[in-house]
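A.B. asks: Can you read through this structure? Questions will come right after.
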Amino acid sequence: MISNPTAFRTVPRTGVIFVMSEAQTSGYSALDPEWCNLGQGQPETGALEGAPERVRDVNISVDDQEYAPVGGIGELREAIADLYNGLYRRGRGSQYSAENVCVSGGGRAALTRAAASLGTINLGHFLPDYTAYEELLDLFRTFNPTPILLDSDRGYAFSHEDLRREILGRGLSAILASNPCNPTGKLVGGEDLEAWVAVARDLDCSLLLDEFYSHYIYRAKPGALPVESAARYVDDVDRDPVILFDGLTKNWRYPGWRVTWAIGPKAVIEALTSAGSFLDGGGNKPLQRAAIPLLAEDHVVKETLAIRNAFREKRDCMVSRLERMGVQIDRPPDGTFYVWGSVADLHPSIADGMSFFRAALDSKVIVVPGEFFDVNPGKRRGRGSRFRAHVRFSFGPSLGAVEKALGRLEQLVDAFATA
């Protein structure tokens, strides 16, 4: 066994990294068509009906061989600001500019810059939420991560009254959350999200909202573009404490590009850019330049509508078939490409997330045990998890792959039930 030099700590694997490592031990290869990956945190990246043509070539100029500015190239930052103004802020006096945008080399890089910029505060975070938050929230010791449990009996709802009570009761200066939520698919949108922004403004509590799934919305009003962002409800882009994170990873279906951004008050963006200068040094310059045409509003509209049509069909298929298997779904997802369900009512041998995960591997299907979404920085809470019986199922792959995987899971459940 290889042991760590004493200078290094053991760094835990995030949920999906653990899952993929175990899958590889069981023989998984991304090139093997026999495997079905319902654990993946990325969408299918090929052509979708009605979507714009996929980018296949990137031109690299001589200037693009150099480092990009830590905060991103100016043309891309301006294009991002223009998109937000066009989608969410038409007719509003306060508009985003390039100075309100900081570009990073990946979503985790953007969130890490933000975490490194926080002061000595209480930072609220929800349970369940994105697995990678766990180590991120433990890495920087300037702030105190404060968990807020969401109740499955309420469909993971969290009103603005709940938000106000938690901010005042726990002395929170900031809250980090994915919206729509990974893994539950719960969306805080419309009047609810507007009220959240109002509470944050009133109490000067910064909202750090991970909006990477904000174009995967399945309950939009008829005729409205199925997107949602707190940017719609900000009064003053430089005064309201709202910082948003997004990128090409999910909403444009280019995860390999690692082009992401934060958008918020200029003072915050300056801090994130300064943090980037010592954390990561900036993103990929050629791909930043290639990303600019993808931010054109007509391109975004076509891509988003194609996503909604393709992924809503997969969502409905997965929800229906999982429920028939006996998986309890707390709520059908409003957004994201995940279904969050409990396997507690299945055969005792597969009635918890980890057992179900390992049994599914034997059928060459990958899922993610729910306990990994019980974000527990530093393992300060006990070993028990309220989400041990839960599993996150991804419908990010193609419809054919999703249907194949569900067929195998149906056989798995039936085999245990009749054993």
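A.B. asks: In the set Ala157, Ala262, which member is in contact with a Lys or Arg (Cβ under 8 Å, 6 or more places away or on another chain), aliphatic (A, V, I, L, M), assigned to a loop (DSSP other than H, G, I, E, B) and over 21 Å from Lys302 (Cα atoms)? Step through it out loud before you land on a result.
C.D. replies: Working: Ala262 fails: assigned to a loop (DSSP other than H, G, I, E, B).
Matching residue, one of Ala157, Ala262: Ala157.
A.B. asks: If you don't mind, there's one more thing I want to ask. Any residue that is farther than 29 Å from Ala262 by Cβ and crowded, with 18+ Cβ neighbours inside 10 Å - is there at least one of those in segment 38-50? Steps first, please.
C.D. replies: Initially, segment 38-50 is screened for residues farther than 29 Å from Ala262 by Cβ, giving 38, 47, 49-50.
Narrowing further to those that are crowded, with 18+ Cβ neighbours inside 10 Å: 38.
For segment 38-50, residues farther than 29 Å from Ala262 by Cβ and crowded, with 18+ Cβ neighbours inside 10 Å: present.
A.B. asks: Checking Gly341 against (1) out of contact with any Gly (no Cβ under 8 Å at 6 or more places or on another chain); (2) in contact (Cβ under 8 Å) with a residue 60 or more places away in the chain, which single condition isn't satisfied?
C.D. replies: Checking Gly341 against (1) out of contact with any Gly (no Cβ under 8 Å at 6 or more places or on another chain); (2) in contact (Cβ under 8 Å) with a residue 60 or more places away in the chain, the one that fails is (2).
A.B. asks: Out of all the residues in segment 292-345, which are closer than 30 Å to Ala415 by Cβ, in contact with a helix residue (DSSP H, G or I) (Cβ under 9 Å, 6 or more places away or on another chain) and small (Gly, Ala, Ser)?
C.D. replies: Result: Gly326, Gly341, Ser342.
A.B. asks: Looking for something crowded, with 19+ Cβ neighbours inside 10 Å and assigned to a strand (DSSP E or B) - is there at least one such residue anywhere in segment 88-98?
C.D. replies: Taking every residue of segment 88-98 in turn, none turns out to be crowded, with 19+ Cβ neighbours inside 10 Å and assigned to a strand (DSSP E or B).
A.B. asks: Also, quick follow-up: Quick check on segment 179-207: of everything there that is among the polar types (S, T, N, Q) and crowded, with 24+ Cβ neighbours inside 10 Å, which residue is farthest from the chain's Cα centre (by Cα)?
C.D. replies: To start, the set of residues in segment 179-207 that are among the polar types (S, T, N, Q) comprises 179, 182, 184, 206.
Okay, now just the ones that are also crowded, with 24+ Cβ neighbours inside 10 Å, so 179, 182, 184.
On the way: Asn179: 8, Asn182: 5, Thr184: 11 Å.
Out of the qualifying residues, it is Thr184.
A.B. asks: Something else now. Looking at Ala114, is it more than 20 Å from Gly370 (Cα to Cα) and of a type in the set (Gly, Ala, Ser)?
C.D. replies: Answer is yes for this residue.
A.B. asks: Among the candidates Gly378, Gly396, Gly382, which residue alone is at pLDDT below 95, part of a loop (DSSP other than H, G, I, E, B) and not hydrophobic (A, V, I, L, M, F, W, C)?
C.D. replies: Checking each option against the conditions leaves just Gly382.
A.B. asks: What are the pairs with Cβ atoms under 8 angstrom where one residue, in segment 310-337, is under 17 Å from Glu44 (Cβ atoms) and the other, located anywhere, is among the acidic types (Asp, Glu) and not in a loop (DSSP other than H, G, I, E, B)? Sequence gap at least six, or different chains.
C.D. replies: Correct list of pairs: Cys317/Glu403.
A.B. asks: Shifting gears a bit: Being basic (Lys, Arg) and buried (at least 20 other Cβ atoms within 10 Å of the Cβ) is the filter here; which residues of segment 223-263 pass it?
C.D. replies: Lys250, Arg253
A.B. asks: Same structure, new question: Take residues that are assigned by TED's automatic domain parsing to the domain that holds Pro128 and in contact with a His (Cβ under 8 Å, 6 or more places away or on another chain) and tell me which of the strands (runs of 3 or more DSSP E) falling wholly in segment 171-249 contain 1 or more. Outline the logic, then answer.
C.D. replies: Values: elements: 172-178, 206-210, 242-247.
Those strands (runs of 3 or more DSSP E) span 172-178.
A.B. asks: Another question, then. Can you find, within segment 106-135, the residue that is nearest to Ile175 (Cα to Cα) among those that are assigned to a loop (DSSP other than H, G, I, E, B) and at pLDDT below 95?
C.D. replies: To start, the set of residues in segment 106-135 that are assigned to a loop (DSSP other than H, G, I, E, B) comprises 106, 118-121, 128-132.
From the residues that got through so far, the ones that are at pLDDT below 95 too are 106, 130-132.
Values: Gly106: 21, Tyr130: 14, Thr131: 16, Ala132: 16 Å.
Ranking the candidates gives Tyr130 first.
A.B. asks: Among the listed residues Val413, Val391, which satisfies the condition of being under 19 Å from Arg324 (Cβ atoms) and part of a strand (DSSP E or B)? Let's see the steps before the verdict.
C.D. replies: Working: Val413 fails: part of a strand (DSSP E or B).
None of the others qualify; the one that does is Val391.
A.B. asks: Out of curiosity, is Gln65 surrounded by fewer than 17 Cβ atoms within 10 Å (Cβ to Cβ), over 27 Å from Ser173 (Cα atoms) and not small (Gly, Ala, Ser)? Reasoning before the result, please.
C.D. replies: On the way: surrounded by fewer than 17 Cβ atoms within 10 Å (Cβ to Cβ): yes; over 27 Å from Ser173 (Cα atoms): yes; not small (Gly, Ala, Ser): yes.
Considered against the rule, which asks whether it is surrounded by fewer than 17 Cβ atoms within 10 Å (Cβ to Cβ), over 27 Å from Ser173 (Cα atoms) and not small (Gly, Ala, Ser), Gln65 comes out as yes.
A.B. asks: Further question: Here are some conditions: (1) hydrophobic (A, V, I, L, M, F, W, C); (2) surrounded by fewer than 22 Cβ atoms within 10 Å (Cβ to Cβ); (3) out of contact with any strand residue (DSSP E or B) (no Cβ under 8 Å at 6 or more places or on another chain); (4) outside any helix (DSSP H, G or I). Leu346 meets all but one. Which one does it not meet?
C.D. replies: Failing condition for Leu346: (2).
The values are calculated or read from the model by the stated rules, or taken from the named source; none is laboratory data. What you see is a predicted model, and the numbers here were worked out from it, not measured in a lab. Cβ sites come from the backbone with ideal geometry, for glycine too, and all protein chains shown count toward neighbours.
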